[in-house]
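Just below is one structure, and these are the notes that go with it.
Here, each number is a calculation from the coordinates, and none is a lab measurement. Note that the structure is predicted; figures quoted are calculated from it, not measured. Cβ coordinates were reconstructed from backbone atoms using ideal geometry, including for glycine residues, and neighbour counts include every protein chain displayed.
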Amino acid sequence: MSDSVRARAGRIRAKTVERETKPSAAAPDPSIRHRVEPDAMSRERTASPRTPAAAVMHKARRVLGRGRAKVIFSGCQGGGGLCATGPVSVRVRGRAALGMRITFLGGMVPSEISVDKGARLSIGDETIFNYGVSIAARSAVTIGRRCMFGSFVRLSDESIGQLAPVILGDDVWIAHGAIIGPGVTIGDGSVVSAGSVVTTDVPPHSLAIGNPARVMSLGLTVKG
């Protein structure tokens, strides 16, 4: 074999070894993964709405809301951790008992709470009211724990020629613009859809929809 052929064969072997030992782009160095991931996670946290600055602002609003609530609801009993992030009109001449960590959200229109002389209002723990909610107790209104009220919900135990207690169980959701009339009992875990007018009882874990509201199971099976 000539010297030129031997030299050419040696160059081919060297290139082959180089290709075999060179890291492939499809299989990057595992150590790079550990160097990159913390930075990517930091960017994700920064892009989240709950940045440290947003968390501070949220906490400040809660502190101010609790201070406002102490003044607004000074005539009520209980109410530990009560928070009002916007204006609420409160007129209590009867008895109003509030649970723990109730929240009234601020918005375009203030909420209104009215309790007449001799009447009773009870609101359970961790219930949340959106803005523009109206609650009027002329006899008795009872709201359970962890209920949610959409904006512009109206609840009253009095109507023309009728005065009867209203009772809401735990985990009830009343959607935007719904009206709850006197004498109505809404069972635990039920939902009242937006704009509905409820004049009859709603069993637990049911959906009330329409004007006047029809009652259906949350599985969408009509009850009656």
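Could you list, in sequence order, all residues of the stretch 90-104 that are out of contact with any helix residue (DSSP H, G or I) (no Cβ under 9 Å at 6 or more places or on another chain) and either part of a loop (DSSP other than H, G, I, E, B) or surrounded by fewer than 20 Cβ atoms within 10 Å (Cβ to Cβ) (or both)?
Arg91, Val92, Arg93, Gly94, Arg95, Ala97, Gly99, Met100, Arg101
Select, from Gly161, Gly181, the only residue that is buried (at least 19 other Cβ atoms within 10 Å of the Cβ) and either in contact with a Phe, Trp or Tyr (Cβ under 9 Å, 6 or more places away or on another chain) or not basic (Lys, Arg) (or both).
Working: Gly161 fails: buried (at least 19 other Cβ atoms within 10 Å of the Cβ).
That would be Gly181, the only listed residue that is buried (at least 19 other Cβ atoms within 10 Å of the Cβ) and either in contact with a Phe, Trp or Tyr (Cβ under 9 Å, 6 or more places away or on another chain) or not basic (Lys, Arg) (or both).
In the stretch 97-117, how many residues are over 14 Å from Asn130 (Cα atoms) and either free of Cβ contacts under 8 Å to residues at least 40 places away in the same chain or acidic (Asp, Glu) (or both)?
If we filter the stretch 97-117 for residues that are over 14 Å from Asn130 (Cα atoms), which is where we start, we get 97-101, 114-117.
After this cut, where a residue has to be either free of Cβ contacts under 8 Å to residues at least 40 places away in the same chain or acidic (Asp, Glu) (or both) as well, the list is 97-98, 100-101, 114-117.
Looking only at that region, the number is 8.
Results for (1) of a type in the set (D, E, K, R); (2) under 25 Å from the mean Cα position of the chain (by Cα); (3) in a strand (DSSP E or B); (4) over 30 Å from Gly81 (Cα atoms), shown as yes or no for each residue.
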{"position": "Ser122", "(1), (2), (3), (4)": "no, yes, yes, no"}
{"position": "Asp125", "(1), (2), (3), (4)": "yes, yes, no, no"}
{"position": "Arg146", "(1), (2), (3), (4)": "yes, yes, no, no"}
{"position": "Phe152", "(1), (2), (3), (4)": "no, yes, no, no"}
{"position": "Gly195", "(1), (2), (3), (4)": "no, yes, no, yes"}
{"position": "Thr200", "(1), (2), (3), (4)": "no, no, no, yes"}
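Kindly check whether there is at least one residue in the stretch 134-144 that is of a type in the set (Val, Ile, Thr) and more than 16 Å from Ile180 (Cβ to Cβ). Give the steps one after another, and end with the answer.
From the stretch 134-144, those of a type in the set (Val, Ile, Thr) are 135, 141-143; that's our starting set.
Retained after the next criterion (residues that are more than 16 Å from Ile180 (Cβ to Cβ)): none.
Within the stretch 134-144 (the criterion being of a type in the set (Val, Ile, Thr) and more than 16 Å from Ile180 (Cβ to Cβ)), the answer is no, since none of the residues qualifies.
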